[in-house]
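Some notes on the structure that comes next.
No value in this document is a laboratory result; all are computed from the given coordinates. Remember, predicted model here, so these are calculated numbers, not experimental data. All Cβ positions, even for glycine, are placed from backbone atoms using ideal geometry, and neighbour counts span all protein chains on display.
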Amino acid sequence: MKRGYVRAWNALILAASLCLGGCFGGFSDAYSLKERLPAIALAGSEEEVMEGFASDLCVVSDESVFDPNFLTSEAGALFDLNGHQTLYSKDAFETMYPASITKVMTALVAIKYGNLEDQVKVTDEAVITESGATLCGIKPGDTLTLEQLLYGLMLPSGNDAGAAIAVHMDGSIEAFADRMNEEVKRLGAVDSHFVNPHGLHDEDHYTTAYDLYLIFNEAFKYPQFREIIEAKAYTADYINGAGESVSRTWKCSNQFITGERDTPEGVTVLGGKTGTTKAAGYCLIIASKDDASEGNFISVVLKSDSRAHLYDNMTNIISKIVK
């Protein structure tokens with residue numbers, strides 16, 4: 001772990017110990033940025049805190065400088081990875097349900113700790129019966145590589161792929177969720193808690209816009225992750241339980257990648273992850289670049305009230321990249 005993450009983690013733990021003790025207890029115990037700033041300030045002078053906290057991370061020091069009406073979604077933020085600056089933030093520390101953006105964390109854990117060449121036999125635990133759940137279509141007995149499952153996880157947002165990955169890596173959904181929670185602590189994402197690898201609704205499964213930035217920022221460092229989220233489609237050739245060959249093509253659900261939504265002039269969307277449940281609303285996290293400077297950015301929008309408004313909000317926020 002880089003030294004900057006250690007500093008960030010120490011600063012966040014101090015803040016948590018001083019004023020966020022209840023935050024780990026559940027979704028209802030959310031703390032706003034305004035409430036946590038005094039505790040962070042107690043760590044030392046403002047200059048000392050910010051220097052230690054943000055050696056290689058973006059920090060949200062004061063959301064009052066940003067217009068909350070700029071987004072109609074409940075939360076959102078834009079982070080400049082090269083300049084280590086927050087260019088916009090709305091309720092970035094409020095706990096929210098992440099829906100399928102959870103799968104960024106699942107992919108990070110799988111890429112970081114797994115072997116992408118592993119042959120994974122799908123078990124009954126991968127069967128998802130919840131109404132409306134998105135699936136990549138794998139069945140018990142199918143054998144795919146871990147890499148193929150990651151494409152099935154991220155492009156069509158297969159909840160079944162997430163369950164198959166979890167069981168392969170740790171033997172159960174619960175054990176994999178424990179590993180996810182250990183990893184988010186290492187990243188300093190102290191306001192997150194996961195109970196599954198796919199994001200199907202659970203009141204004890206939550207995160208924040210800022211924590212999602214920390215998670216996505218780490219995942220984006222891995223070439224395998226970038227390759228997956230940049231793909232418009234992927235064809236997996238594998239063997240089913242009867243020993244028959246199967247060929248299945250998965251398409252990306254990110255409308256910026258598929259070309260269904262235009263990006264602002266001068267901005268290229270590199271990839272990301274969508275998420276939707278009734279409780280979470282419509283959510284999206286993406287990586288983008290400024291075509292002129294080649295600078296990279298992460299932006300997140302949480303709980304828009306429709307898919308159309310989700311992309312309107314994201315278009316607005318990434319327009320700030322070239323302004």
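For the stretch 296-303, the Karplus equation 6.51 cos²θ - 1.76 cosθ + 1.60, evaluated at θ = phi - 60°, returns couplings of 9, 9, 10, 9, 9, 10, 10, 6 Hz by residue, with Gly and Pro reported as x.
Between ALA75 and LEU302, the built amide H atoms are under 5 Å apart, and every one of these is 5 or more places off in sequence or on another chain. Could you state the number of Å between the C-alpha centres of the stretch 200-231 and the stretch 262-323? First find each Cα centre; the distance between them is then 14 Å.
With r defined as the distance between the Cβ atoms of PHE70 and TYR113 and R0 fixed at 56 Å, what FRET efficiency is calculated, to the nearest 0.05? With R0 = 56 Å, the Cβ-Cβ based efficiency is 0.90. Taking amide H atoms as placed 1.01 Å from N in the peptide plane, the amide H of GLN85 lies under 5 Å from those of ASP80, each 5 or more residues away in sequence or on another chain.
What ranking do THR134, THR207, THR102 get, fewest neighbouring Cβ atoms within 10 angstrom at the top?
The order, fewest Cβ neighbours first, is THR134, THR207, THR102.
Per-residue Karplus couplings for the stretch 253-267, computed as 6.51 cos²θ - 1.76 cosθ + 1.60 with θ equal to phi - 60°, are listed in order as 9, 8, 5, 5, 6, 6, x, 6, 10, 7, 8, x, 4, x, 10 Hz, Gly and Pro entered as x.
Taking only Cα atoms of the stretch 99-255, what ratio of Rg to Rh do you get with Rh as the Kirkwood inverse-distance radius?
So for the stretch 99-255, dividing Rg by the Kirkwood Rh gives 0.94.
The ranking of GLU94, GLU260 by Cβ neighbour count inside 10 Å, starting from the fewest, reads GLU260, GLU94. When the pairs LYS90/LYS139; LYS121/LYS221; LYS251/LYS320; LYS232/LYS323; LYS90/LYS278; LYS278/LYS323 are compared against a 32 Å limit on Cα-Cα distance, LYS90/LYS139; LYS278/LYS323 fall above it.
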